[in-house]
Amino acid sequence: NGDLQPTDTMSQYGLAWSFGRSDWPIKLAVDLVLAKGDGVEKGEIPGIVTDPGPPPVYSVPPIPWEKKAETSVMEMALGVRKEWGEGITHPFLGGGLEGTYLAHQAMYTEVGSPSVTQVDDNDTAVGIWLDAGSTWRIGKRFNLGFEVRYSFAEVRLEVDPAPVHTEHKDASALQ
């Protein structure tokens, strides 16, 4: 969503449990989702132009910089899940509350300079989640499937006081 550049695209893995009595119309759901991403972003701090030129004349030249970042997200979700199907295939729909932990680490380097600034921060928040998908029965109690998941939690990082939103869509999950 742009808030965690350059680590917006993350690899995600998850486990989902649905449990309850066989005569319950809706099962209890407990999910664990882990995501991790890294990336590099480059930019330039504008210089101070004394004569726009062409070519421009600078009293202070532009300063190129590079940001290497790594972001990790862990979500622990509790809620309910409705499952359909009596045979091997079980489509489902679920939702509930989640606790989200986000850790962000960034190293800023002025290109051509040995100086490096490292920024680390993390936060936790409570959010919501919705999912839909299907599982296929592999054994008596084990299913393998896919999931489309949307989750939202607002966390604040001290390095940037603006809110950072963690959103995860189209995640694969093992159930």
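The values are calculated or read from the model by the stated rules, or taken from the named source; none is laboratory data. No experiment lies behind these values; they were computed from the predicted model shown. Just the protein is used for accessible areas: all its heavy atoms, side chains included, with ligands, DNA and RNA removed. Shrake-Rupley method; radii C 1.70, N 1.55, O 1.52, S 1.80 Å.
Using a ≥ b ≥ c from the Cα gyration tensor of region 1-64 (square roots of the eigenvalues), is it rounded, prolate or oblate, where a/c under 1.5 gives rounded and otherwise the larger of a/b and b/c decides, a/b for prolate?
Here region 1-64 falls in the prolate category.
Pick from Glu83, Glu75, Glu44: which residue has the top mean-square fluctuation in a GNM of the chain where Cα pairs under 10 Å get a spring?
With Cα springs under 10 Å in the chain, the top fluctuation among Glu83, Glu75, Glu44 is at Glu44.
Relative contact order (percent) for region 1-112, with alpha-carbon contacts under 8 angstrom and 6 or more residues of separation?
25 percent
Once you sort the root eigenvalues of the Cα gyration tensor of the chain as a ≥ b ≥ c, which label holds: rounded (a/c under 1.5), prolate (a/b larger than b/c) or oblate (the other case)?
prolate
Which residue, Asp31, Asp23, Asp51, has the most motion in a Gaussian network model of the chain that connects Cα atoms within less than 10 Å?
Of the options given, Asp51 has the highest mean-square fluctuation.
Is region 84-147 best put as rounded, prolate or oblate by its Cα gyration tensor, with a ≥ b ≥ c the root eigenvalues, rounded for a/c under 1.5, and otherwise prolate when a/b is larger than b/c, oblate when not? Don't jump to the answer; show the numbers that get you there.
Values: a/c = 4.73, a/b = 2.74, b/c = 1.72.
The shape class here is prolate.
Could you state the accessible area per residue of the chain in Å², with a 1.4 Å probe and every protein chain left in place?
In whole numbers, the chain has 61 Å² accessible per residue.
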